[in-house]
Amino acid sequence: MEKVCLITTGATAPFPELVQAVLKPESLQQLADNGFTKLIFQCGQTFKSFENLMPTDHKGLDIEVFDFKADGLNREMRMCQAHEGIANNGLVICHAGAGTILDGMRLGLSLIVVPNDSLLDNHQLELAEELELQGYATKSTTSDLPNAIQIACQRGQRAWAGQNASFALEVDKVVGYEDDVRARLD
């Protein structure tokens, strides 16, 4: 049966370190050991150099790569869901962008969030810490990714309670949603 891992770095800010971390032999081995059969990379600007990053031994995993899809990642995320007799629950490894995380949570996917620490205010770190605290994701760094893969595969996913859950309030706070709305209403 198929088991898919989607790796997404986001479309706007480059995050080649995440792509490199997933392609390290230790990460690929951990994915293969946990039954994954396919990796799908959405790697934004790193797409141009992906071929140079690709290892010769990818542990038997099928690898698909693209830069950006204007219609979003819904199809790829749904490939990470279990489908009886076809696919087992997969995994999403992503930058800690709120949109990607919410999409994954809505679909009930296991998530590993890796903050891109090259961003200016590093709001992704706050979001990743809160997600892990509430049990919705496994927070990782690029250097600890093999360990995070093992933890996430053992933990599984936690169903999201929807927009009234405390996580939604935390996202609003981190991204300044309330302040933004107030500014437009004043």
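The values are calculated or read from the model by the stated rules, or taken from the named source; none is laboratory data. None of these values were measured; they are calculated from a predicted model. Cβ: placed from backbone, ideal geometry, glycine included. Neighbour counts: every protein chain shown. Surface accessibility is based on the protein's heavy atoms, side chains included, excluding ligands, DNA and RNA. Shrake-Rupley method; radii C 1.70, N 1.55, O 1.52, S 1.80 Å.
Checked against (1) open to solvent by 60 Å² or more (accessible area, probe 1.4 Å); (2) among the hydroxyl-bearing types (Ser, Thr, Tyr); (3) under 20 Å from residue 155 (Cα atoms), residue 12 passes all but condition (3). All of 26, 51 fail the test of being loosely packed, with under 15 Cβ neighbours inside 10 Å and in contact (Cβ under 8 Å) with a residue 60 or more places away in the chain, apart from 26. Has region 84-92 got any residue that is modelled with pLDDT of 95 or more and in a strand (DSSP E or B)? Yes, region 84-92 contains a residue that is modelled with pLDDT of 95 or more and in a strand (DSSP E or B). Candidates 68, 36, 41: the one that is closer than 21 Å to residue 142 by Cα, of a type in the set (A, V, I, L, M, F, W, C) and either touching a His at 6+ places or on another chain (Cβ under 6 Å) or not in a strand (DSSP E or B) (or both) is 36.
Do you know which residues across region 41-69 are over 20 Å from residue 150 (Cβ atoms) and of a type in the set (A, V, I, L, M, F, W, C)? Across region 41-69, the qualifying residues are 41, 43, 47, 50, 53, 54, 63, 65, 66, 68.
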